[in-house]
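Below is one structure, written out as structure tokens; the observations come after it.
The values are calculated or read from the model by the stated rules, or taken from the named source; none is laboratory data. These numbers were taken from a predicted model, which means no experiment stands behind them. Glycine also receives a Cβ, built like all others from the backbone with ideal geometry; neighbour counts cover every protein chain displayed. What goes into the accessible areas is simple: the full protein's heavy atoms, side chains included, and nothing from ligands, DNA or RNA. Shrake-Rupley method; radii C 1.70, N 1.55, O 1.52, S 1.80 Å.
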Amino acid sequence: MTTERDPRHVNNETPPPSPRERFYRRERRSVPAARAFAREALDDWGLRARADDVVLCVSELATNALLHGVPPGRGFLLKLGLLPGGDGVRVEVHDSGDGVPAVPLESHGSDDGGRGLLLVSELADKWGVTEREPGKVVWFECVVPAD
């Protein structure tokens with residue numbers, strides 16, 4: 001007995017790439033590792049046009065998580081995924097620390113830091129903070145035209 005396929009039920013579209021995530025411990029080498037992980041995902045997805053902006057934002061959020069959000073003995077989770085339609089990327093940094101990060105209202109002219117979220121707010125198309133138990137998720141989105 002032979003059967004024929006009904007071509008109306010065959011989906012020839014490639015499924016979208018799966019989101020990527022990686023957990024990082026509370027240590028200095030986690031920040032460069034998170035940058036490399038983000039760059040690799042963007043390359044794999046063909047989203048190179050704003051890769052430097054995205055990687056810089058990942059670096060700032062990872063640094064903030066380590067300095068302000070991750071309690072001793074813990075770490076943070078970095079998640080990257082495509083926006084609906086595949087025209088950009090959403091990045092989330094999950095940590096279990098208290099507090100809600102905010103962009104500083106004034107620049108004090110010192111080199112004490114505090115400019116990370118200011119950079120993210122300037123480079124990303126959207127960003128925000130979502131509560132979770134325990135901790136928070138700091139996220140951003142960038143529209144990135146495919147190569």
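Simple spin-label model, 7 Å along Cα-to-Cβ: residue 130 to residue 28 in nm?
3.4 nm
For the stretch 30-76, with equal point scatterers placed on the C-alpha atoms only and solvent neglected, what are the log10 I(q)/I(0) values from the Debye formula at q = 0.13 1/Å, to two decimals?
Treating every Cα as an identical point scatterer, log10 I(q)/I(0) equals -0.31.
Report the full-extension gain for the segment residue 103 to residue 40: residue separation times 0.36 nm, less the Cα-Cα distance, to one decimal in nm.
Net length gain for the segment: 19.9 nm.
Using modelled amide H (1.01 Å from N, peptide plane; none on Pro or chain starts), what sits under 5 Å from the amide H of residue 126, excluding residues fewer than 5 places away?
Answer set, sorted by chain and number: 141.
Top to bottom by accessible area (1.4 Å), largest first, where do 26, 20 land?
26, 20
Which residues' amide hydrogens lie under 5 Å from the amide hydrogen of residue 26, considering only partners 5 or more residues apart or on another chain, with H built in the peptide plane?
Close amide H contacts, sequence-distant or interchain: 74.
May I ask you to evaluate 6.51 cos²θ - 1.76 cosθ + 1.60, the Karplus curve with θ = phi - 60°, for each residue of the stretch 49-61 and list the ³J(HN,Hα) values in order in whole Hz, giving x for glycine and proline?
Calculated HN-Hα couplings, in order: 4, 10, 4, 4, 4, 4, 5, 5, 5, 4, 4, 5, 5 Hz.
Place the peptides 39-46, 62-69, 97-104 in order of packing, highest mean first, counting for every residue the other Cβ atoms within 10 Å and averaging per peptide.
Highest-to-lowest ranking by the protection proxy: 62-69, 39-46, 97-104.
Considering the dipole of the stretch 36-142 built from charges on the beta carbon (Lys and Arg +1, Asp and Glu -1) around the Cα centre, which of 101, 85, 56 is farthest to its positive end?
Going by the charge dipole, the pick is 85.
Apply the Karplus curve 6.51 cos²θ - 1.76 cosθ + 1.60, θ = phi - 60°, to the phi angles in the stretch 115-128 and return the couplings in whole Hz, x for Gly and Pro.
Coupling constants for the stretch 115-128: 9, x, 5, 4, 4, 4, 5, 7, 8, 7, 6, 8, 7, x Hz.
Of all the accessible heavy-atom surface of the stretch 20-133, with the other protein chains kept in place and a 1.4 Å probe, what percent is carbon and sulfur?
47 percent
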